[in-house]
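Please read the structure below before turning to the comments.
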Amino acid sequence: MSTTSKPKHIGRNISRIRELRGMKQEALAQAIGTNQQAISGIEGSETIDETKLANIAEALGVTVEAIKSFSEENVFNYFNTFNESVREVL
């Protein structure tokens, strides 16, 4: 039984962050100077060139590390913590 974990699918992480930010592929493409088909290809890729990843991160308003370490669970934890903090203030 192998104990090595499968690396994160960077393209899928980009897609989810883009969707959470309410951005279409076309808008991301325009922001980094490419076309929608290229974004579709990037989102289907497990790995991405670091320079391109940095450009995408900037366009999405997140860090490269946020893309690399993105998980749905972290997003839900963040929003739950945020909502609990808001309730305490009210």
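Coordinate-derived values only; no laboratory data. As the structure is a computational prediction, the values presented were derived from the model and not from experiment. Cβ atoms come from the backbone with ideal geometry, glycine included; neighbour counts cover every protein chain shown.
General observations
- One equal scatterer on each Cα of region 1-70, no solvent, Debye formula: the resulting log10 I(q)/I(0) at q = 0.13, 0.24 Å⁻¹ is -0.33, -1.04.
- Label point distance in nm, residue 50-residue 19, each placed 7 Å from Cα along Cα→Cβ: 3.0
- Evaluated over region 30-73, the Cα radius of gyration and Dmax, each in Å: 10.5, 31
- The length gained on full extension between residue 69 and residue 38, counted as 0.36 nm times the residue separation minus their Cα-Cα distance, comes to 8.9 nm.
- Summary value for region 1-70: 40 percent relative contact order, contacts being C-alpha pairs under 8 angstrom separated by 6+ residues.
- Separation of the residue 26 and residue 8 label points, Cα + 7 Å toward Cβ, nm: 2.9
- Total formal charge among the other residues, if their Cβ is under 14 angstrom from that of residue 62, Lys/Arg +1 and Asp/Glu -1: +1
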